[in-house]
Amino acid sequence: MDFIWIIAALIAGVILGFVIKKIMTSQTISSAERKAESILAEAKQKNKDLVLEAKDQALKLIEEAKAEEKQRRGELHQIQERLNKRESLFDKKLMDLEEGKQRIENSKKDLAKAKDEIKQIKESQMAKLEKIAGLSQEDAKDVLIKNTETQMQDELLHRIRKLEDQGAEELEAKAKEMLTAVIERCAAPHTVETTTTAVNLPNEEMKGRIIGREGRNIKTIEQLTGVEIIIDDTPESILISAFNPIRRQLAKRALEKLMSDGRIHPGRIEETVNQAKKELALDIKKAGEEAAYQAGIVGLDNKLIQILGRLKYRTSYGQNQLQHALEVSHLSGLLAAELGADENVCKKGGLLHDIGKALDHEIKGSHPDIGYDLMKKFGLPEEVAYMSIAHHEDKPKTLEGIVVKIADAISGSRPGARRDSFEEYVQRLTELENTAKTFAGVDKAYAIQAGREIRVFVSPDEIDDFKANKLAQDIANKIETDLKYPGEIKVTVIREKRITEYAR
């Protein structure tokens, strides 16, 4: 019975729980529906507000667009009016241009017609003038040109001579004053030592000992030194012949040592030549260092100093080239101080201007080019290296080049500086006269003043005064280009016309 009650109670509890749950579920659903209706109502109200706001904005945008369109239409209307005005102006200008073009065409026609009329009048007038004068137009033009040339030529020649005389007087006075002051301050020996190729012998027996058995001694000396030994009938003397002055000096020293030692055979000759080479190299280096010290030049490469010392045994027209280089260096420095040029460049360039002569026996080319390349090789500045070329140029590019060229001319042309052999002297004078005779109109040419002046006599019928002036310049230029000479050469052209008549 209790069990039945328990079951009934459980069933009743289940039914009650189901009813309660259903009631709660229905309440939840009702609450959710009410919330949904509330949210839907709010959404409808918001949507309505958004639609109204969007309509207001759309109406506002439409009104702004209409106002902007109205403004654009007004601007377009103004632009159209301006374009219409410009079009009318362009049409008017085009019509004006057409009218102006037509007027120009009419003027051209009138001008061409007037030109033809003037030409006809000019031709008729020229024909009348030619008939009256008895000369054609070309003949009259030739006469006028010839008369004008003659008149202007005389005036031009007179003016040239006047300017040359005036300028020459002023420049000569200033140059004499400056050069006198410079030369007075430069002390140099009147004559300089020249390298000789003659070797004095203690006796005639020494010639046979130098030759040796079957000529083996002299052959060994010639082979080791690169010279030719000439043994002739000259008493107690032999000659050394070689193009390279260093080789001549080497052979001379070796022979003097052999003669003082007394032992002359191939083995001893080889030892003596090697010893002479060392002594000569040391002497050359000392000579270069001494020259650089006397010139006040520092910072030169040791090899360059040694090459400079080789000039001690190099001569030109009998003048020792190392002594010449020192003179040019001193003179260049003094002249640079007077003229305001770079003293350091002038002194260094003056000392090294002829350094190419130390190697011109071994390297092909002229000594100015060799010297320039040598100085550039040892890192000397362009303005210093240029001195090697400048002293042989007609018109050096720099003031320092002009200074070195002048100093070189002073050192080479002073009395006692250079000497020529008789054959060289005669050959130089002959070449000088022959050079002048190559020009047309030259009758005679005479070299005077030991070759420092040449007087040229010209035919007066072929050469007038103006041509004579130009001829002197041409001869001087050709001498500078073709000939080698110390100092300067004065060219004097003489034009003389003699007319002889007899009164009977």
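The values are calculated or read from the model by the stated rules, or taken from the named source; none is laboratory data. Remember, it's a predicted structure, so these values are computed and weren't measured experimentally. Virtual Cβ from ideal backbone geometry, glycine too; neighbours counted across all protein chains shown.
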Across the stretch 328-384, which residue is nearest to residue 312 (Cα to Cα) among those that are of a type in the set (Ser, Thr, Tyr) and either assigned to a helix (DSSP H, G or I) or assigned by TED's automatic domain parsing to the domain that holds residue 247 (or both)?
-> 329
Of those in the stretch 431-464 that are touching a residue at least 40 places away in the same chain (Cβ under 8 Å) and exposed (fewer than 15 other Cβ atoms within 10 Å of the Cβ), the residue nearest to residue 499 (Cα to Cα) is 438
Could you tell me whether any residue of the stretch 460-480 is assigned to a loop (DSSP other than H, G, I, E, B), over 28 Å from the mean Cα position of the chain (by Cα) and not acidic (Asp, Glu)?
-> yes
Which of the residues that make up the stretch 224-280 are hydroxyl-bearing (Ser, Thr, Tyr) and over 44 Å from the mean Cα position of the chain (by Cα)?
-> 234, 237, 260, 272
May I ask you to list the residues in the stretch 142-155 that are surrounded by 11 or more Cβ atoms within 10 Å (Cβ to Cβ) and either modelled with pLDDT of 70 or more or in the same structural domain as residue 467 (by TED's automatic domain parsing) (or both)?
-> 142
For the subset of the stretch 357-369 comprising residues that are buried (at least 16 other Cβ atoms within 10 Å of the Cβ) and not basic (Lys, Arg), which member is modelled with the lowest pLDDT?
-> 360
Only one of 452, 428, 414, 495 that is of a type in the set (Lys, Arg) and modelled with pLDDT under 80 | 414
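Can we say residue 466 is at pLDDT 85 or above and among the aromatic types (Phe, Trp, Tyr)?
Working: at pLDDT 85 or above: no; among the aromatic types (Phe, Trp, Tyr): yes.
No; evaluated as a whole, the condition is false for this residue.
Here is a yes/no grid of residues against (1) surrounded by fewer than 21 Cβ atoms within 10 Å (Cβ to Cβ); (2) touching a residue at least 24 places away in the same chain (Cβ under 8 Å):
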| site | (1), (2) |
| --- | --- |
| 324 | no, yes |
| 328 | no, yes |
| 335 | no, yes |
| 341 | yes, yes |
| 355 | no, yes |
| 371 | no, no |
| 386 | no, yes |
| 398 | yes, no |
Candidate set from the stretch 281-306 (those that are of a type in the set (D, E, K, R) and within 13 Å of residue 322 (Cβ to Cβ)); member that is surrounded by the most Cβ atoms within 10 Å (Cβ to Cβ) = 285
